[in-house]
Amino acid sequence: MSNSSDKLIIAGREFTSRLMVGTGKYADFPQMVRAIEASGAEVVTVAVRRVNISDRSKESLLDHLDTKKYTLLPNTAGCYTAEDAIRTCRLAREAGLSDFVKLEVLGNEKTLFPDNEELLKAAKVLVAEGFTVLPYTSDDPIVCKKLEELGCAAVMPLGAPIGSGLGIRNPHNIRIILETVKVPVIVDAGVGTASDAAIAMELGCHGVLMNTGIAGAKDPIAMAEAMNLAVRAGRLAYLAGRIPKKLYATASSPGEGMIE
């Protein structure tokens with residue numbers, strides 16, 4: 001199956017790329033634009049709190065993004081309560097950004113782990129209000145199932161703490177989540193290099209979202225291209241079906257039937 005025919009579908013929206021990228025931590029807006037282009041991403045997440053939605057006469061990152069080319073995914077980064085996250089999503093919709101939102105409700109400033117109790121409360125309200133909710137959550141299969149049952153369009157379990165670059169720390173939980181829910185599973189947070197992204201996709205994840213792994217690299221443009229290739233390669237490897245792991249060798253050219 002070619003990548004062009006293998007679409008990522010979220011709430012009826014189709015995307016060719018399975019890589020989603022953020023817009024923070026770049027040296028400047030031109031570098032951000034070049035990295036996003038190199039990534040091949042179609043979904044770009046923006047922190048609502050970083051967008052000046054009250055005075056659009058001032059420069060904003062939105063001035064540098066082609067909204068006809070990219071699907072904006074406003075996120076609630078920096079919110080620590082359900083109430084704050086709900087308010088932020090409502091502001092994003094009223095400002096004309098999108099009702100397609102990445103929901104974050106953080107529980108701790110040091111770890112940036114999600115507060116799943118507040119997350120579930122916010123998701124319930126936002127789904128009822130017609131938002132398409134993509135929640136950032138822990139790699140807990142029970143919480144992911146509850147989010148699906150509330151009507152979330154996908155679940156986004158962390159691979160590792162935000163910005164840590166530690167990669168996929170618990171692939172076993174990711175596998176269980178993939179077996180537990182029917183909505184797309186998108187690994188969010190912790191990806192540090194291309195091999196991390198490939199591993200997530202080889203596990204069967206439907207996509208990967210990242211920011212620091214690209215923006216924090218010595219060469220963000222090159223890393224964006226590497227992540228693009230890694231996500232595509234990982235997806236193709238998953239679809240192809242890897243060989244089983246064995247303790248002992250199996251000859252590539254069996255000796256049976258050889259003429260002496």
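A few points about this structure:
- For the range 61-136, a simple Cβ point-charge model (Lys and Arg +1, Asp and Glu -1, everything else neutral) yields a dipole of about 220 debye relative to the Cα centre.
- DSSP-defined beta bridges in the chain - what % are antiparallel, rounded to 5: 15 percent
- Take every DSSP beta bridge whose two residues both sit in the range 1-137; close to 25 percent of them are antiparallel.
- Full-stretch length increase - Ala128, Ala240 - with 0.36 nm per residue and alpha-carbon distance subtracted: 36.4 nm
- Cα-centre dipole for the range 98-146 with unit charges at Cβ (Lys and Arg positive, Asp and Glu negative), debye to 20: 140 debye
- Computed from the alpha carbon positions, the gyration tensor of the range 69-173 leads to an equivalent ellipsoid with semi-axes of 22, 15, 14 Å, biggest first.
- Taking 7 Å steps out from each Cα toward its Cβ at Leu247 and Ala222 produces label points 4.3 nm apart.
- Proximal lysines relative to Lys146, as straight alpha-carbon distance under 20 Å, when same-chain residues fewer than 8 apart are discounted: Lys102, Lys121, Lys124, Lys182
- Ranking by accessible area, most exposed first, for Tyr136, Tyr248, Tyr26, Tyr80 with a 1.4 Å probe: Tyr248, Tyr80, Tyr26, Tyr136
- Accessible area of Ser17 in the full protein assembly, 1.4 Å probe (Å², nearest 10): 20 Å²
- The longest part of the chain holding none of the exposed loop trypsin sites (Lys or Arg not before Pro), meaning those outside H, G, I, E and B in DSSP with at most 11 other Cβ atoms within 10 Å, is 111-181.
- Magnitude of the charge dipole for the chain, about its Cα centre and with charges confined to Cβ atoms of Lys, Arg (+1) and Asp, Glu (-1), is about 100 debye.
- For the range 124-260, the spherically averaged projection of the C-alpha convex hull amounts to 11.9 nm².
- Shown here: the range 190-241, whose C-alpha atoms stretch 34, 18, 13 Å along the first, second and third principal axes, sorted largest to smallest.
- Grouping the Cα pair distances of the chain into 10 Å bins from zero gives a pair-distance distribution of 7, 30, 36, 17, 5, 3, 2, 0, 0 percent in increasing distance order.
- Furthest towards positive pole of dipole, His64, Phe131, Val48, structure part the range 1-132, Cβ charges: His64
- Efficiency of FRET from Cβ geometry, Ala233 and Arg34, R₀ 30 Å, rounded to 0.05: 0.85
The values are calculated or read from the model by the stated rules, or taken from the named source; none is laboratory data. Nothing here was measured: the structure is a model prediction, and the numbers come from that model. Glycine gets a Cβ as well: all are built from the backbone with ideal geometry, and neighbour counts include every protein chain shown. What goes into the accessible areas is simple: the full protein's heavy atoms, side chains included, and nothing from ligands, DNA or RNA. Shrake-Rupley method; radii C 1.70, N 1.55, O 1.52, S 1.80 Å.
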